[in-house]
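Before any comments, here is the structure.
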Amino acid sequence: VTYIEPLKAGHYLDLNYRWNQTVTTSDRQGLDFDSTTGHFDLPDSTTTNHFTTTNIIQRAGAGYNVTRRKWQYQLGMAIQLSNLKNLNRSTDSTLTLRQTNWYPRASLIYSPSHGRSVNITYSAATTSPTLQQLQPVSDPTNPFLIRIGNPGLLQTLTHSVSAAYTSLNPHNFESWQLNLSGNYSEHAITTATTVLSGGIQQMQAVNADGVWNDNLLALPECA
């Protein structure tokens, strides 16, 4: 839901609200060989699990927008409330993860002359851990590569900044495009591997800080 309120010429306020709810289920039944019956009908508690995960995200934001001749800029703030509930129906236990994140947002567009512009933006977004990453049970499919979930995982918060310069000569159609972007992630979800006795590897999702990347792209064109 978005509402825009004009304040005066070239100035307006935007208000927005978003609700998102996802429900994921996982039902796995493991059976061992029963020598009495001669069939694989003996329940295996170590490989059997029943999970239901409900993730509710609410986000509300407001922004102030200005357009004045060569300048366009926007300043805003958003708050996001996340409620992740993981119900283990096998053990009748519930894991609940609640988080509150703030997202400042800003953008600037400067057009010094016809055909040339500079655009700078900032945004942020979160990524929730998956059900498989949260499940505190091991996956014994491969006895030499054991995957185990981590119920203590936090959401990943990623900050992104981008800057772009564009120049177009309408007479000879020469153009320049220069793009610079980068992002930094807090609590990035990655995989940690531990070597156990006998050379068995155990993999588990963990949170890591200090994850970043950048990109530079220059595109000269001439017709």
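Annotations for the structure displayed:
- Checking each residue in the stretch 141-174 for being in a strand (DSSP E or B) and of a type in the set (A, V, I, L, M, F, W, C) picks out L145, I146, I148, L157, V161, A163, A164, L168.
- Given (1) surrounded by 15 or more Cβ atoms within 10 Å (Cβ to Cβ); (2) closer than 27 Å to N207 by Cβ; (3) modelled with pLDDT of 85 or more, number of the condition G152 does not satisfy: (1)
- In the set (1) within 30 Å of D139 (Cβ to Cβ); (2) part of a loop (DSSP other than H, G, I, E, B), N213 fails one condition alone, (2).
- Members of the stretch 98-121 that are touching a residue at least 40 places away in the same chain (Cβ under 8 Å), closer than 25 Å to E186 by Cβ and open to solvent by 40 Å² or more (accessible area, probe 1.4 Å): R105, I120, T121
- Here the condition is being assigned to a strand (DSSP E or B), within 30 Å of S128 (Cβ to Cβ), aromatic (F, W, Y) and modelled with pLDDT of 90 or more; of Y12, Y3, Y73, it holds for Y3 alone.
- Residue list for the stretch 153-195, filter: free of Cβ contacts under 8 Å to residues at least 12 places away in the same chain and not aliphatic (A, V, I, L, M): H171, T193, T194
- Whichever residue in the stretch 69-97 is of a type in the set (K, R) and in contact with a Phe, Trp or Tyr (Cβ under 8 Å, 6 or more places away or on another chain) and, among such residues, is surrounded by the fewest Cβ atoms within 10 Å (Cβ to Cβ): K70
- Restricting attention to the stretch 200-223, the residues being open to solvent by 50 Å² or more (accessible area, probe 1.4 Å) and closer than 18 Å to R147 by Cα number 4.
- Within the stretch 19-67, being polar (S, T, N, Q) and either in contact with a helix residue (DSSP H, G or I) (Cβ under 7 Å, 6 or more places away or on another chain) or at positive phi (or both) holds for T24, S26, T53.
The values are calculated or read from the model by the stated rules, or taken from the named source; none is laboratory data. Everything numeric in this text was worked out from a predicted model, so none of it was measured. We place every Cβ from the backbone using ideal geometry, glycine too, and count neighbours over all the protein chains shown. For accessibility, only protein heavy atoms count, side chains too; no ligands or nucleic acids. Shrake-Rupley method; radii C 1.70, N 1.55, O 1.52, S 1.80 Å.
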